[in-house]
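The values are calculated or read from the model by the stated rules, or taken from the named source; none is laboratory data. Predicted model only: the values in this text are computed from it and were never measured. Here the Cβ is made from the backbone with ideal geometry for all residues, glycine too, and neighbour counts use every protein chain on show. For accessibility, only protein heavy atoms count, side chains too; no ligands or nucleic acids. Shrake-Rupley method; radii C 1.70, N 1.55, O 1.52, S 1.80 Å.
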Amino acid sequence: MNVRSSLTTRMVMLGAGLAVIVGLAIGAMLFTIADMRHSARMARHSAQVLAAANLAEKEVLDLETGARGFALTREERFLDPWRAARTSLPRQTARLSALVSDSPAQEAVAQQIANAIRSYVDDYSLPLVTAVRRQDNPPPAAAGKRRIDAIRAQFARFDATEQRLADTRGAASDDSAARAMTVGVIVLVAGVALLLALGAYLGRAVATPVKRVAEAADRLAAGDLGARVPVRGRDELARLADSFNAMGDALQEQRDELDSQNAELEHQTAELEDQQQQLSSANDELRAQRDELEHITASLADETERQRVFNDFADALAAYAALEDRARTTLRALAETAEAQVGALYAAGDVGGGFELLATLGLERDGLAARIGPDSGLAGRALAERTFVQAGHDEATLNVRSVGGETAVRHEIHVPLLYGDRTMGVVSLGRTTGGMVDKRTCERLDHLADQAAVSLSNAFVTKRAQRLRDINRAVLDTVRDGILLTNEDGVVLANAPARRMVEDILGVPFEEATGLDPTQVAARTTDAEGYLKANEAIAADPDEPTFDEVELAESGRVFERYTAPVRGADGDRIGRATVIRDVTAEREAERLKNDLMATVSHELRTPLASIVGFTELLLLRDPEPDVRASHLKTVHAEARRLSELIDDFLDLQRIAERGRLPLERRRVDLRPLVSDQARVFAAQSRAHSLEVRMPEEALVTEADPSRLKQVLANLLSNAIKYSPEGGEIAVEGWLRDGVVGVAVRDPGLGIPSAQQPRVFERFYRTQVATERAIGGTGLGLALSREIVEAHDGTIGFESVEGQGSRFWFELPAVDGSNGSNGGSG
């Protein structure tokens, strides 16, 4: 017998062919599903690109509105979004380019957008802010608007192109899903068709020949010895038919051997029945294989859907970093899986203690406990036992609002959130319809809960780290010194004082400081070479601390800079710390101290020398009475001058110790005070005439009269000293807008405009005073300002070089001084 014509061989080949066809169908189905997932990922990618483009466009608008708000209001707070946008825009445009790197055309548009933004910042926005700060003419607003409109147009083209790509990819995803459904239907129909074809083939190849043989056997059993079976093929059934026919022939030829032939026929009939039983068993096995194939196909589809749910949940969690967002995402995902309509999520980042309510679904927060523990009802039981807890309507604790008020849900599920041996929280879900959750849904809920526990644990860790970071930053920002930490990547940490000081020193916003060349910074200092050497020392010996001072040439401010390496707990170097202190006040105090010593030694020596000299003349000689009187007047004048100097120095000391001069206030009318001082100084110079113009009404204020006399004396003395050619000195008073004021005008030398900002500084004397040897300590005006400000008043002056000066002061008026009169400050 030919092996290929064997019935067994054909059955085996038929089964193998069926397995190959089914395998190819399943492979095609899997390939279609993979194509569908790829299309879905591409669609999500387009959504990410659009989101990144929208974020970049928003920050461009922040850049424009921040600079425009600053230009309109000149308030620094309007630059906060501007600075934030300048910092993040390069990263956003780089991220946008990276997202569209698979599309050369979109990548080129993204690069054009980045270039346009950079050009806008460099050519318009930064010059605008700088011009506003310097109070120069800013660039025209129309130019900025044209640039922004152009950038927004590029964004619009970019978004439109990306939206078309997104639509195309979405359509491709829909097509892939449709193909997957079509392939699934084809696989199912083909499988059923193959099984039907196999059944038909078995019926034709096995059942029909067997039936023919059975019918012929029945005929033989009935006595029809002429019954024959047609022979077709060369398989076992054909051999059976040949044997049956041979048996009939033998019966006809050997009727005498009927008994033995009948026995043989019975034996062959038994064999035939056994083969028929075997064929029936084979048919049952094929049906079982078909059922198993259908079960595998359904399981594959279920597993695919299960993995999709898990992947979508993981993507949703990854999209949010905030704890509350992840809690809401977790609650929605578990509620959707359990087909629950309401729910609540409790979680805690620390082991022990209570669990805080983080998210709700369909429930009012006011109706839920803010915190729960292991002893808090069914949810607490799930926490304590670390397992699912389900309850029916009678035991339910969650209530939903209905027309008649609140009613308990029909079924509750409490799912613990477990992360290793830690219990992160519990999700309580309520279903208004249905009963117990089946085993497969519980398995899905358990897997999603494990994912959520890991995600919430990471969110808690991130939240604690952010809180510690905020505390550290708040502490550092309260320190007066500037503190920075830098490494090879740039500035790692900088507190608020450090940012202000760096901007003061470098003259540019802090974000641009790292891009400056050291020589540019050195040019702003008084010792450029020393600054560069200090920087070289830091770079040449990074393991050693360094210390230097920087003095700004323009403002005169002085900063101390201390740097030292910083190492972590493992000893590895993490960067270099820099501490900056503003020591301008300290250096100014040292300078004032030195000036005070020099001034005291010089100014006291002059009157003392006169006193000693004239007293020696009086002791050694016996001058004439008129000469003696002249010498005594000189000694008396120099002694008064010495007393006044000592009083000024003592006042300066009191200010340094107490912050302000001690005052003995009482009601004072300035008119007699001014008149008395004018008479005193009118007698001191024959070259000057004093004209006093006071209003008729009283100029009453709360003041220390002795201190006001000191102010008037300083102003009148200066008016005489700085009018060496003589002339009229006018003193005027006024009452207006709740203040009383006095002004002293002289026709003297005047003050150059470049020197006017320093007139009220201690020990400062104008260049003309030094050149003309006009006496003085430089303390009179400084003390006058201290006295006036101690009285809550103001002092000022107007002066033109070569045309004289007008010094004035104003004090708050008290009841009895009302109205308005000529003169102003």
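Only one of R157, R219, R212 is open to solvent by 90 Å² or more (accessible area, probe 1.4 Å) and more than 32 Å from the chain's Cα centre (by Cα); which?
On the way: R157 fails: more than 32 Å from the chain's Cα centre (by Cα); R212 fails: open to solvent by 90 Å² or more (accessible area, probe 1.4 Å).
The match here is R219.
Could you grab me the full set of residues in region 43-56 that are more than 22 Å from the chain's Cα centre (by Cα) and open to solvent by less than 50 Å² (accessible area, probe 1.4 Å)?
Of everything in region 43-56, those that are more than 22 Å from the chain's Cα centre (by Cα) and open to solvent by less than 50 Å² (accessible area, probe 1.4 Å) turn out to be A43, H45, S46.
Within region 441-449, is even one residue of a type in the set (S, T, N, Q), over 30 Å from the mean Cα position of the chain (by Cα) and assigned to a strand (DSSP E or B)? Full working, then the answer.
Our first condition is that a residue be of a type in the set (S, T, N, Q); within region 441-449, this holds for 441.
Cutting the leftovers down to over 30 Å from the mean Cα position of the chain (by Cα) gives us 441.
Remaining after also requiring assigned to a strand (DSSP E or B): none.
Checked region 441-449: no residue is of a type in the set (S, T, N, Q), over 30 Å from the mean Cα position of the chain (by Cα) and assigned to a strand (DSSP E or B).
Would you point out which residue out of R86, R77 is open to solvent by 80 Å² or more (accessible area, probe 1.4 Å) and either without any contact (Cβ under 8 Å) to a residue 40 or more places away in the chain or in contact with a helix residue (DSSP H, G or I) (Cβ under 9 Å, 6 or more places away or on another chain) (or both)? I'd like the intermediate steps shown before the answer.
On the way: R86 fails: open to solvent by 80 Å² or more (accessible area, probe 1.4 Å).
Among R86, R77, only R77 is open to solvent by 80 Å² or more (accessible area, probe 1.4 Å) and either without any contact (Cβ under 8 Å) to a residue 40 or more places away in the chain or in contact with a helix residue (DSSP H, G or I) (Cβ under 9 Å, 6 or more places away or on another chain) (or both).
Across region 508-520, what is the number of residues that are open to solvent by 30 Å² or more (accessible area, probe 1.4 Å) and at pLDDT 80 or above?
Result for region 508-520: 1.
Looking at region 430-459, which of its residues are touching a strand residue (DSSP E or B) at 6+ places or on another chain (Cβ under 7 Å) and either open to solvent by 30 Å² or more (accessible area, probe 1.4 Å) or on the phi > 0 side of the Ramachandran plot (or both)?
Within region 430-459, the subset touching a strand residue (DSSP E or B) at 6+ places or on another chain (Cβ under 7 Å) is 430-432, 434-437, 445, 449-450, 452-454, 456-457.
Across region 430-459, the qualifying residues are T432, G434, G435, M436, D450, V454.
Looking only at region 31-60, filter to residues that are out of contact with any helix residue (DSSP H, G or I) (no Cβ under 8 Å at 6 or more places or on another chain) and not charged (D, E, K, R); which one of those is nearest to R152 (Cα to Cα)?
My answer is A51.
Report, by residue number, each residue of region 89-106 that is buried (at least 16 other Cβ atoms within 10 Å of the Cβ) and either of a type in the set (D, E, K, R) or part of a helix (DSSP H, G or I) (or both).
L89, Q92, T93, R95, L96, S97, L99, Q106
Would you say R169 is surrounded by 18 or more Cβ atoms within 10 Å (Cβ to Cβ), of a type in the set (D, E, K, R) and within 30 Å of M36 (Cβ to Cβ)?
Numbers: surrounded by 18 or more Cβ atoms within 10 Å (Cβ to Cβ): yes; of a type in the set (D, E, K, R): yes; within 30 Å of M36 (Cβ to Cβ): yes.
Yes.
Of these, A498, A539, A534, which one is within 14 Å of T578 (Cα to Cα), aliphatic (A, V, I, L, M), more than 34 Å from the chain's Cα centre (by Cα) and not in a loop (DSSP other than H, G, I, E, B)? Spell out the reasoning first.
On the way: A498 fails: more than 34 Å from the chain's Cα centre (by Cα); A539 fails: more than 34 Å from the chain's Cα centre (by Cα).
Only one candidate qualifies: A534.
With (1) in contact with a helix residue (DSSP H, G or I) (Cβ under 6 Å, 6 or more places away or on another chain); (2) assigned to a loop (DSSP other than H, G, I, E, B); (3) among the acidic types (D, E) as the list, and D136 as the residue in question, which single condition is left unmet?
Every listed condition holds for D136 apart from (1).
If you take the residues of region 26-42 that are of a type outside the set (V, I, T) and in contact with a Leu (Cβ under 9 Å, 6 or more places away or on another chain), which of them is surrounded by the most Cβ atoms within 10 Å (Cβ to Cβ)? Write out each step before concluding.
Pass one, region 26-42, residues of a type outside the set (V, I, T): 27-31, 34-42.
Still in the running and in contact with a Leu (Cβ under 9 Å, 6 or more places away or on another chain): 29-30, 42.
Values: M29: 22, L30: 14, M42: 17.
Among those that are of a type outside the set (V, I, T) and in contact with a Leu (Cβ under 9 Å, 6 or more places away or on another chain), it is M29.
Would region 521-536 turn up any residue that is of a type in the set (V, I, T), out of contact with any helix residue (DSSP H, G or I) (no Cβ under 6 Å at 6 or more places or on another chain) and farther than 19 Å from A585 by Cβ? Don't jump to the end; show me each part of the working.
Our first condition is that a residue be of a type in the set (V, I, T); within region 521-536, this holds for 521, 525-526.
Narrowing the set further to residues that are out of contact with any helix residue (DSSP H, G or I) (no Cβ under 6 Å at 6 or more places or on another chain) leaves 526.
Restricting the remaining residues to those that are farther than 19 Å from A585 by Cβ gives none.
No, region 521-536 contains no residue that is of a type in the set (V, I, T), out of contact with any helix residue (DSSP H, G or I) (no Cβ under 6 Å at 6 or more places or on another chain) and farther than 19 Å from A585 by Cβ.
Does region 570-586 hold any residues that are under 18 Å from D543 (Cβ atoms), open to solvent by 70 Å² or more (accessible area, probe 1.4 Å) and outside any strand (DSSP E or B), and which are they?
Keep residues of region 570-586 that are under 18 Å from D543 (Cβ atoms), which gives 570-579.
Going one step further and asking which of them are open to solvent by 70 Å² or more (accessible area, probe 1.4 Å), we end up with 570, 572-574.
Selection gives D570, D572.
Output the residues belonging to region 25-53 that are modelled with pLDDT of 75 or more and closer than 18 Å to A197 by Cα.
Within region 25-53, no residue meets the criteria.
Suppose we filter region 361-375 for residues that are in contact with a helix residue (DSSP H, G or I) (Cβ under 8 Å, 6 or more places away or on another chain) and either under 25 Å from E336 (Cβ atoms) or open to solvent by less than 30 Å² (accessible area, probe 1.4 Å) (or both); how many remain? Quick ask: steps written out before the conclusion?
In the first step, residues of region 361-375 are kept if they are in contact with a helix residue (DSSP H, G or I) (Cβ under 8 Å, 6 or more places away or on another chain); the result is 361, 372-375.
Checking the rest, the ones that are also either under 25 Å from E336 (Cβ atoms) or open to solvent by less than 30 Å² (accessible area, probe 1.4 Å) (or both) come to 361, 372-373.
Residues flagged as in contact with a helix residue (DSSP H, G or I) (Cβ under 8 Å, 6 or more places away or on another chain) and either under 25 Å from E336 (Cβ atoms) or open to solvent by less than 30 Å² (accessible area, probe 1.4 Å) (or both) within region 361-375 amount to 3.
Residues in region 400-412: is at least one open to solvent by less than 70 Å² (accessible area, probe 1.4 Å), aliphatic (A, V, I, L, M), in contact (Cβ under 8 Å) with a residue 24 or more places away in the chain and under 21 Å from A369 (Cα atoms)?
yes
Using beta carbons and a limit of 8 Å, which pairs, at least six apart or on different chains, have the first residue in region 356-367 and over 13 Å from R332 (Cα atoms) and the second one part of a helix (DSSP H, G or I)?
Partner pairs satisfying both residue conditions: L357/R365.
Could you identify the single residue in G69, G144 that is touching a Ser or Thr at 6+ places or on another chain (Cβ under 9 Å), part of a helix (DSSP H, G or I) and surrounded by 14 or more Cβ atoms within 10 Å (Cβ to Cβ)? Break it down into steps so the answer makes sense when it comes.
On the way: G69 fails: touching a Ser or Thr at 6+ places or on another chain (Cβ under 9 Å).
It is G144.
Since R118 meets every condition but one in (1) buried (at least 17 other Cβ atoms within 10 Å of the Cβ); (2) within 27 Å of the chain's Cα centre (by Cα), which condition does it not meet?
Just one mismatch for R118, condition (1).
Checking the structure you have, find out if any residue of region 180-197 is in contact with a Lys or Arg (Cβ under 6 Å, 6 or more places away or on another chain), in contact (Cβ under 8 Å) with a residue 60 or more places away in the chain and either among the charged types (D, E, K, R) or open to solvent by 30 Å² or more (accessible area, probe 1.4 Å) (or both).
There is at least one residue in region 180-197 that is in contact with a Lys or Arg (Cβ under 6 Å, 6 or more places away or on another chain), in contact (Cβ under 8 Å) with a residue 60 or more places away in the chain and either among the charged types (D, E, K, R) or open to solvent by 30 Å² or more (accessible area, probe 1.4 Å) (or both).
Give just the number: which of (1) in contact with a strand residue (DSSP E or B) (Cβ under 7 Å, 6 or more places away or on another chain); (2) at pLDDT 80 or above; (3) surrounded by fewer than 18 Cβ atoms within 10 Å (Cβ to Cβ) does A523 not satisfy?
(1)
For region 352-387, what are the residues that are part of a loop (DSSP other than H, G, I, E, B) and at negative phi? Spell out the reasoning first.
Taking region 352-387 first, the residues part of a loop (DSSP other than H, G, I, E, B) are 352-354, 362-364, 368-370, 373-376, 386-387.
The answer is G354, L363, E364, L368, A369, A370, G373, P374, D375, S376, T387.
Y562 - would you say it is out of contact with any His (no Cβ under 8 Å at 6 or more places or on another chain), open to solvent by 20 Å² or more (accessible area, probe 1.4 Å) and not in a helix (DSSP H, G or I)? Before you say what the answer is, go through the steps one by one.
Numbers: out of contact with any His (no Cβ under 8 Å at 6 or more places or on another chain): yes; open to solvent by 20 Å² or more (accessible area, probe 1.4 Å): yes; not in a helix (DSSP H, G or I): yes.
The answer is yes for Y562.
Sort out which residues of region 676-719 are open to solvent by less than 50 Å² (accessible area, probe 1.4 Å), more than 60 Å from the chain's Cα centre (by Cα) and modelled with pLDDT under 90, and write them in order of number.
The answer is Q677, A678, F681, A682, S685, H688, L690, A713, L716, S717, A719.
I'd like to verify a number: residues in region 468-524 that are free of Cβ contacts under 8 Å to residues at least 40 places away in the same chain, among the polar types (S, T, N, Q) and out of contact with any Asp or Glu (no Cβ under 9 Å at 6 or more places or on another chain), how many?
Selection size over region 468-524: 5.
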